[in-house]
Amino acid sequence: MRCLLVDDNAAFLETARSLLVRDGLTVTGTASSSAEAMRQAGELQPDIALVDIGLGPENGFDLARDLAARGIAVIMTSTRAGDDYADLITESQAAGFLAKAELSAAAILRLLGLPPG
Amino acid sequence: MDSSSWPARGAGHQEAARLAGEQAALHRVATLVAKAAAPEDIFAAVAEELAQLSRASIAVVLRYETDDAATVLGCWNSAGAPARVGTRLTVSGEGIAVAVLRTGQPMRAARFAGPPGSVAEYLRSIGMRAGIGSPVVVDGRLWGVVITATTRPERLRLEDEHRITAFAELAGTAIASAQARVELREIAEEQAALRRVAMLVAGSAAPGTVFAAVAGEVGRVLPEADFAMVARYDADGGIEVVGGWSRAGGHRLLGRRSELGGRNVSTAVFETGQAARVDYLADGGDAVSTAAREIGMRSSAGAPINVEGRLWGVMIATSVRENALPSGTEQRLAAFTELIATTIANAEARQELRRVAQEQAALRRVATLVAQGASSPAVFHAVVEETGLLLPADATVLMRYDADGFVTRVGKWSRPGIDLPSGERSPLGGRNVTTLVFEAGQAARLDNYGDDAGDAAVWVAAGLCSSVGVPISVEGRLWGVVVALSMSAQPLPADADARLAGFTELVATTIANADAQAELTASRARIVATADETRRRIERDLHDGAQQRLVTLGLQLRSVQAEMPPGLGKLRANLDRVAAGLTSALDELREYARGIHPAILTQGGLEAALRALARRSPVPVTLDVRTRERLPERLEVTAYYVISEALANAAKHAGASAVHVGIEQTGDVIRLSIRDDGSGGADPLRGSGLVGLKDRVAAVGGTLSVQSRPGEGTTLLAQLPVSPARLSSRGAVMLARLVIKGSASEVPGGPLGARTRLARTVPGPRMAG
C-alpha cells in the first residue's frame with residue numbers, strides 16, 4: 001500500500017512517516033498543502049492518503065473530496081476528537097477517521113478493511 | 001310769588017285775566033306732573049304754555065350737560081319750526097344760557113352772540129332780540145334753564161320774569177320726580193340687561209354670542225342709539241366688528257373691517273385709551289362731519305374694552321337721527337364693556353388652557369416613546385406629526401445637518417391633500433429657514449419668500465407661505481432642525497417657535513440616547529468579538545503548539561517502544577505507563593481546548609457543532625434545525641454557546657430525560673429554543689451561566705428569556721436579529737403602530753439603515769436542510 005501524508009505540521013509529518021515506514025507501509029510522499037497534495041497525487045498515484053482535517057487555513061475535507069474523486073482512499077486525521085467531525089467525515093467520502101495519537105499501519109489497514117501485514 | 005310783585009289794584013281786567021290764565025296754565029302743567037306724565041310731555045307743555053302766556057316768540061326748556069352743552073327738552077316756536085327735542089347746542093358766547101349757567105340766577109339778555117351750534121347763535125339766527133331765562137334747579141343743583149325770547153324786545157316785562165321762574169320751579173319739580181322714576185327705570189333696565197349678559201358669560205357662551213347679546217342690550221338701554229357694535233382692534237391698525245345690532249334691523253355689521261384714522265370714536269378711543277364721543281354737527285362744515293351726515297351718522301359714543309391690562313377693542317353706540325346721544329352715554333357703556341372684557345378673558349384663558357393641555361398631551365406621548373426606548377425614526381415621526389397637528393401647520397419636517405453642507409430629511413408629515421416634494425437630501429443655501437437656523441444657530445422664521453429661496457424654491461412653487469424653524473442641539477452641537485410650514489395665507493402662530501421648543505428637546509434626548517445606545521451596543525459587540533477571537537487563537541495555538549508536540553511525542557514514544565529489544569519487561573511496563581500518561585494529558589488538553597473554543601464550529605458550522613454537542617450530551621437531544629443557510633459567524637457563535645450552556649444546565653441541574661433544541665428563522669430574526677422536561681424552577685438570575693448568556697445575546701442585539709415553572713421543565717428562548725443594530729422587537733412594534741395609524745410615508749434608512757452580512761472566515765460545506 002502506497003500512502004501519501006498530508007499535514008501542515010512538519011514535525012508530525014516526519015514522525016508519522018518514520019513510524020509508518022517502520023511498520024512496513026510505503027510512504028510515497030508528504031505534502032503540507034492542498035496544492036502540493038494534488039500535485040503529488042497526480043505524480044505518485046498513491047493508494048491511500050492521510051489528510052489532516054485542520055490543514056492550516058485550508059479545509060482538509062475539500063482536499064479529501066478531491067483526492068477521493070481520483071480513487072484514492074482518504075483517511076482523515078486530527079489532533080482534535082474525531083467524533084466532533086463525524087458528519088463531515090461521512091459527507092466528504094473519506095474512508096474514516098484516525099486520531100493522530102493512534103497512528104499505526106495496522107490501524108490504517110484496519111480502517112480500510114484490509115488484512116493486516 | 002311774593003306780594004310785592006303784584007300789580008297795583010285796579011290794573012284792570014286784562015291783568016286779572018292774564019293772571020288767571022297764568023294760574024290755569026300752571027295748573028295744567030302741575031296736573032301733568034301729578035299724573036306722572038312723561039317728562040317730554042311736561043317739557044313740551046311748559047314750553048308751549050310759557051310761550052303763549054309770555055307772548056314770546058319762542059320758549060325752550062334746556063338741560064345743561066356736563067360738557068358745556070345743553071340739550072333741548074321742550075321747545076315751542078310761534079314763528080316756525082321749533083328746535084327738535086334732543087337737539088344739542090353748546091353753551092358759549094354771550095347769551096341767556098351762558099349767563100344762567102354762570103350765575104344760577106334768572107337773567108335777561110338783550111343780545112345773543114355765539115359760535116355756530118350754540119344756544120345764543122340759534123336764538124339769534126331765528127331772529128330773537130331779547131329774552132329771559134330762569135334756572136331749573138333739581139335736588140339743589142342747577143339742572144337746566146327755561147328761556148323765553150322774543151323778536152320784539154319791548155314785549156318783555158318784569159312780571160315775565162316771575163312767571164318764568166314759576167314755570168321753572170314747576171319744571172324742576174317735575175324733573176325731580178320724573179328723573180327719579182326714569183333713573184329707577186333706567187337702572188332697573190340696565191341691571192336687567194347686565195344680568196342677562198352676565199348669565200351668558202357665566203354659562204361660557206361663545207364670545208360671538210356674548211358680543212351680539214351685548215350689542216343688543218346696549219340698543220335696548222339706549223333708546224337714542226340706532227346702532228351698537230363691539231369691535232376688536234387688530235394688530236395691523238384695523239378694527240373689526242365682532243358683534244353688532246341695529247334698531248332698524250337688517251344690517252350686516254358682523255365682520256366689517258376698517259382702518260383706524262380720522263375723526264371717529266374708534267380712533268379716539270384707540271389713541272387715548274379713554275371713553276370718547278364724537279358729534280357730527282348738523283351744520284359742521286368740516287369734511288368728516290359732512291361725510292358723516294351724508295351717511296346719516298349724527299353722534300357716536302365709545303368706551304374702551306380692556307382685557308387684562310391691554311386695550312382689546314371698543315364698544316360703540318351710534319345715533320343717526322337728529323337727536324344726539326345723551327351725555328354720559330359712554331359712561332353707561334362702561335359697565336357693559338367690563339362684561340365683554342370678562343368674556344374675552346375667560347374665552348382666551350380657556351383657549352389657552354386647551355392649547356396648553358393639548359401641547360402637554362402631545363409632549364407626553366412623545367416623551368413616553370422616548371422613555372420606552374423607541375427607535376429614533378419612530379420618535380422623529382411622532383414629533384413631526386404631533387407638532388404638525390398642534391400648531392397647526394400644513395406640513396412639518398425634521399432635518400439633520402450633514403457634514404458636507406447638505407441636510408437630510410429624517411422625518412416628514414403633511415396634512416391630507418398636501419403633497420411634499422420628494423428628495424431626502426438637499427444642499428444648504430439660499431434664503432430659507434433651514435439655512436437661517438444653520439447659520440445663526442437660533443430659531444428663525446420667514447413669512448415671505450423671494451426668488452432666492454434656495455432649495456426651498458420647490459416648496460415655494462408648491463405654495464409655501466411661511467415657515468418656522470427651531471434648532472435641535474445634541475450635547476452642545478447643532479444637530480438638525482424642525483421646520484413647520486404653512487401653505488395658506490394664514491401665518492403660523494407668533495409663538496410657534498416656543499411651542500416647538502419642548503419637542504426639539506425630546507428629539508435631542510432621543511438622538512443622544514440612540515447614540516449612547518449604539519455606542520454601548522457596538523462596544524459590547526466588540527468586547528464579545530474580541531473575547532471570542534482570543535479564545536479561537538488560544539485554541540489554535542494550543543492545537544498547533546502543545547497538542548501537536550504531545551501527539552508527536554506520543555508517536556515517538558511508540559516508535560521507541562516498538563524498537564525495544566524483547567525481554568525488558570519492567571522497562572516496557574514503565575514506558576507503557578509514560579505512554580498512558582501522555583495519552584491522558586492529550587485527552588485532557590483536548591477537552592480543555594474544546595471548552596475554550598469548539599473548532600468544529602469554525603470548520604463545520606453551527607449544525608455540525610450542534611450535532612457534536614448532542615452526541616456528547618448525557619441527556620438525549622433532539623435537534624430541529626430549520627435554517628437553510630449558514631448564519632453570520634457572530635450569530636453561530638452566540639447560538640452555539642447558548643445551546644451549549646442550556647444543555648449543560650439541563651444535564652446538571654434539571655434532571656431532565658430529554659432535551660429539544662430548535663432553530664428557525666422568521667423574517668430577519670433567528671429563534672432558538674431549548675426545551676427540557678426536567679424539574680423546572682430555574683431562576684434566571686441564579687445560574688451564572690445564564691447571566692453570561694444574556695450579555696452575549698444582548699451584545700448581538702438579541703433577547704433571551706427563560707420560562708421555568710417548577711415541575712414543568714425549562715424552556716430557554718433566544719431571538720437574534722440577523723441584521724446588526726436593528727430595532728428591538730418592541731421598538732419595531734411601536735413603529736409599526738405609528739405607521740399604521742398616521743400618515744407617515746417611508747421610514748428613512750438613516751444611520752441605522754443598510755444591513756450588512758458579516759463575511760464568513762472559513763468556508764464550510766453546505767448543510768442539508
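The values are calculated or read from the model by the stated rules, or taken from the named source; none is laboratory data. Just so we're clear, the structure is a prediction, and the values are computed from it rather than from any experiment. Neighbour counts run over all protein chains shown; Cβ positions are idealised from the backbone, glycine included. In case anyone asks, the SASA skips ligands and DNA or RNA and just uses the protein heavy atoms, side chains included. Shrake-Rupley method; radii C 1.70, N 1.55, O 1.52, S 1.80 Å.
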(Q) Could you list, ordered by first residue, the pairs with Cβ atoms under 7 Å in which the first is in the stretch B:205-230 and without any contact (Cβ under 8 Å) to a residue 12 or more places away in the chain and the second is in a helix (DSSP H, G or I), at least 6 apart or interchain? (A) B:Thr209/B:Leu200
Q: Determine if the stretch A:19-28 includes at least one residue that is more than 14 Å from chain B (Cβ to nearest Cβ), of a type in the set (S, T, N, Q) and over 18 Å from B:Asp544 (Cβ atoms).
A: yes
(Q) Every residue in the stretch B:8-36 that is farther than 16 Å from B:Ser54 by Cβ and either modelled with pLDDT under 75 or among the β-branched types (Val, Ile, Thr) (or both), please. (A) B:Ala8, B:Arg9, B:Gly10, B:Ala11, B:Gly12, B:Thr31, B:Val33
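Out of B:Val468, B:Val474, B:Val483, which single residue is at pLDDT 90 or above, over 23 Å from B:Pro421 (Cβ atoms) and in contact with a strand residue (DSSP E or B) (Cβ under 9 Å, 6 or more places away or on another chain)? Even if it seems obvious, please write down each step before you answer.
Numbers: B:Val468 fails: over 23 Å from B:Pro421 (Cβ atoms); B:Val483 fails: over 23 Å from B:Pro421 (Cβ atoms).
After ruling out the rest, the residue left standing is B:Val474.
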Q: Just one of (1) crowded, with 20+ Cβ neighbours inside 10 Å; (2) in a helix (DSSP H, G or I) trips up B:Lys412, so point out which.
A: (2)
(Q) Suppose we keep only residues that are within 10 Å of chain B (Cβ to nearest Cβ) and open to solvent by 60 Å² or more (accessible area, probe 1.4 Å) within the stretch A:86-102. Which one would you say is nearest to A:Leu20 (Cα to Cα)? (A) A:Glu102
Q: Considering each of A:Glu36, A:Glu58, A:Glu14 in turn, give the residue that is open to solvent by 30 Å² or more (accessible area, probe 1.4 Å), more than 9 Å from chain B (Cβ to nearest Cβ) and at pLDDT 90 or above.
A: A:Glu36
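In the stretch B:413-427, what count of residues is obtained for those that are of a type in the set (A, V, I, L, M, F, W, C) and at pLDDT 90 or above?
Here is the first cut: in the stretch B:413-427, the ones of a type in the set (A, V, I, L, M, F, W, C) are B:413, B:418, B:420.
With the extra rule that they be at pLDDT 90 or above, the set shrinks to B:413.
Of the residues in the stretch B:413-427, 1 are of a type in the set (A, V, I, L, M, F, W, C) and at pLDDT 90 or above.
Here's the yes/no breakdown for (1) of a type in the set (Lys, Arg); (2) under 60 Å from the mean Cα position of the chain (by Cα); (3) more than 24 Å from B:His162 (Cβ to Cβ):
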residue	(1), (2), (3)
B:Val60	no, no, no
B:Leu89	no, yes, yes
B:Ser125	no, no, yes
B:Ser134	no, no, no
Q) For the stretch B:588-611, what are the residues that are at the interface with chain A (Cβ under 9 Å from one of its Cβ atoms), out of contact with any strand residue (DSSP E or B) (no Cβ under 8 Å at 6 or more places or on another chain) and open to solvent by 60 Å² or more (accessible area, probe 1.4 Å)? A) B:Glu591
Q.
Cβ-Cβ under 9 Å, sequence separation 6+ or interchain: first residue in the stretch B:96-113 and open to solvent by 40 Å² or more (accessible area, probe 1.4 Å), partner basic (Lys, Arg). Which pairs?
A. B:Ala110/B:Arg129; B:Arg111/B:Arg124; B:Arg111/B:Arg129
Q.
I need a count of the residues in the stretch B:205-227 that are touching a strand residue (DSSP E or B) at 6+ places or on another chain (Cβ under 6 Å), small (Gly, Ala, Ser) and either assigned to a helix (DSSP H, G or I) or open to solvent by 10 Å² or more (accessible area, probe 1.4 Å) (or both).
A. 4
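I'm trying to understand the selection: among the residues of the stretch A:15-29, which are in contact (Cβ under 8 Å) with a residue 12 or more places away in the chain and out of contact with any Lys or Arg (no Cβ under 6 Å at 6 or more places or on another chain)?
From the stretch A:15-29, those in contact (Cβ under 8 Å) with a residue 12 or more places away in the chain are A:16-17, A:19-20, A:23-29; that's our starting set.
Within the stretch A:15-29, A:Ala16, A:Arg17, A:Leu19, A:Leu20, A:Asp23, A:Gly24, A:Leu25, A:Gly29 meet the criteria.
Residues that are more than 19 Å from B:Asp279 (Cβ to Cβ), at least 3 per element: which strands (runs of 3 or more DSSP E) completely within the stretch B:46-105 meet that? I'd like the intermediate steps shown before the answer.
On the way: elements: B:58-64, B:69-77, B:88-90.
Hits in the stretch B:46-105: B:58-64, B:69-77.
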Q: Could you list, in sequence order, all residues of the stretch A:61-85 that are within 7 Å of another protein chain (Cβ to nearest Cβ) and either of a type in the set (A, V, I, L, M) or surrounded by fewer than 21 Cβ atoms within 10 Å (Cβ to Cβ) (or both)?
A: A:Ala81, A:Asp83
Q) Quick check: anything in the stretch B:438-447 more than 16 Å from B:Val507 (Cα to Cα), open to solvent by 60 Å² or more (accessible area, probe 1.4 Å) and touching a Lys or Arg at 6+ places or on another chain (Cβ under 6 Å)? A) no
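How many residues are at the interface with chain A (Cβ under 7 Å from one of its Cβ atoms) and either open to solvent by less than 10 Å² (accessible area, probe 1.4 Å) or part of a strand (DSSP E or B) (or both) if we restrict to the stretch B:612-625?
Narrowing the stretch B:612-625 to residues at the interface with chain A (Cβ under 7 Å from one of its Cβ atoms): B:612, B:615.
Retained after the next criterion (residues that are either open to solvent by less than 10 Å² (accessible area, probe 1.4 Å) or part of a strand (DSSP E or B) (or both)): B:612.
Count: 1.
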Q) If you check A:Val51 against the conditions, is it under 25 Å from B:Ala608 (Cβ atoms) and either within 11 Å of chain B (Cβ to nearest Cβ) or surrounded by 16 or more Cβ atoms within 10 Å (Cβ to Cβ) (or both)? A) yes
Q | Among (1) surrounded by fewer than 23 Cβ atoms within 10 Å (Cβ to Cβ); (2) aliphatic (A, V, I, L, M); (3) within 19 Å of B:Ala461 (Cβ to Cβ) - the single one B:Leu390 does not satisfy | A | (3)
Q. From the list B:Glu338, B:Glu359, which one is closer than 15 Å to B:Asn306 by Cβ, in a helix (DSSP H, G or I) and among the acidic types (Asp, Glu)?
A. B:Glu338
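What about B:Ala382, is it in a helix (DSSP H, G or I) and open to solvent by less than 50 Å² (accessible area, probe 1.4 Å)? Can you show your working first?
Details: in a helix (DSSP H, G or I): yes; open to solvent by less than 50 Å² (accessible area, probe 1.4 Å): yes.
Yes; evaluated as a whole, the condition is true for this residue.
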(Q) Which residue is most open to solvent (accessible area, probe 1.4 Å), if the candidates are limited to the stretch B:511-559 and must be more than 14 Å from chain A (Cβ to nearest Cβ) and polar (S, T, N, Q)? (A) B:Gln517
